[in-house]
Amino acid sequence: MMETRSKNKVLFFEGESNSFEAEKIRSIQVNMQFSLLTQMNHKKIMFTSANKGEGKTFCIINVAKEAASQGKKVLLVDLDLHHPRLSQSLLPREKNGLMNIIKERHNINNSKCIYNISKNLYVLPTGILPPNPLGIISSDFFSETLKLLEAKFDHIFIDTPPVRILSDGRVIASLCDGVVMVIRSGTTKVYEVEEAKDYICKTGTPIVGAILNGSKYSEKDKKVYAYY
């Protein structure tokens, strides 16, 4: 079952649909789609970063929104079981989520923890935070639950903690079909990106793209785009 909730706009890009920034979000989504065409499986995509504060949650929400606007049925899953910003931003009043399903051994198909926040866009929040996140995401029941979700959605975008800081994301990556890295322009160090990339590569899951967040564009760049 899927509960309907009104959209919380905290992290949604609210600019004009024909703006320079909106086109950049569309470009990210389209490029990601092309990258996924080479993969046999391409439904579960994990978004992560090297460090906290790189804009990962903003990016995943807006790429998911763009995919949903193109007619795809999209699920956002919050698997940052330490600082669930996605859940707190989009569904701040909800107490039930994925961890409640795992704890109570409920079938995801019979749960009421998936919330519709806009057309074609759904959210599965963390729910009650567990004392042992790594043990939860390493369990067979967790991986089986993810597989059940695949039959219900065209895309599943998963928000995770930074892979350099916590090992949770490395385990989650091994259960996904692809990884998108979010890098903060002018902040993330090259060695940090390389270290994060190494962690992901060891899981065997391909990196299907990277988002350079926070880039500064000149008025000249924007005027060139405006020509079209």
> Just one of I200, I183, I165, I172 is surrounded by 19 or more Cβ atoms within 10 Å (Cβ to Cβ), more than 17 Å from K44 (Cα to Cα) and of a type outside the set (K, R); which is it?
Replying inline: I183
> Is there any pair linking a residue in region 146-161 that is on the phi < 0 side of the Ramachandran plot to one that is small (G, A, S) and buried (at least 20 other Cβ atoms within 10 Å of the Cβ), with Cβ under 7 Å and at least six apart or on different chains, and which?
Replying inline: H155/A67; F157/A64; T160/G169; P161/G169
> Looking at region 102-112, which of its residues are in contact (Cβ under 8 Å) with a residue 60 or more places away in the chain and open to solvent by less than 90 Å² (accessible area, probe 1.4 Å)?
Replying inline: S111
> Restricting the first residue to region 185-206 and requiring it to be among the aliphatic types (A, V, I, L, M), which pairs with a second residue that is open to solvent by 80 Å² or more (accessible area, probe 1.4 Å) and modelled with pLDDT of 95 or more meet a Cβ separation below 8 Å and a spacing of at least six or different chains?
Replying inline: none
> For the subset of region 186-197 comprising residues that are part of a loop (DSSP other than H, G, I, E, B) and open to solvent by 40 Å² or more (accessible area, probe 1.4 Å), which member is modelled with the lowest pLDDT?
Replying inline: G186
>> I'd like the residue in region 67-83 that is open to solvent by less than 10 Å² (accessible area, probe 1.4 Å) and part of a loop (DSSP other than H, G, I, E, B) and, out of all such residues, is farthest from Y115 (Cα to Cα).
In response: L81
> Which one of these does F34 not meet: (1) modelled with pLDDT of 90 or more; (2) over 15 Å from F157 (Cα atoms); (3) of a type in the set (A, V, I, L, M, F, W, C)?
Replying inline: (1)
> In region 39-66, what count of residues is obtained for those that are farther than 15 Å from G209 by Cα and part of a loop (DSSP other than H, G, I, E, B)?
Replying inline: 7
>> On the basis of being open to solvent by 50 Å² or more (accessible area, probe 1.4 Å), touching a residue at least 60 places away in the same chain (Cβ under 8 Å) and within 17 Å of I156 (Cα to Cα), does F47 make the cut?
In response: no
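The values are calculated or read from the model by the stated rules, or taken from the named source; none is laboratory data. Values in this document were obtained by computation on a predicted structure and should not be read as measured data. Cβ: placed from backbone, ideal geometry, glycine included. Neighbour counts: every protein chain shown. Just the protein is used for accessible areas: all its heavy atoms, side chains included, with ligands, DNA and RNA removed. Shrake-Rupley method; radii C 1.70, N 1.55, O 1.52, S 1.80 Å.
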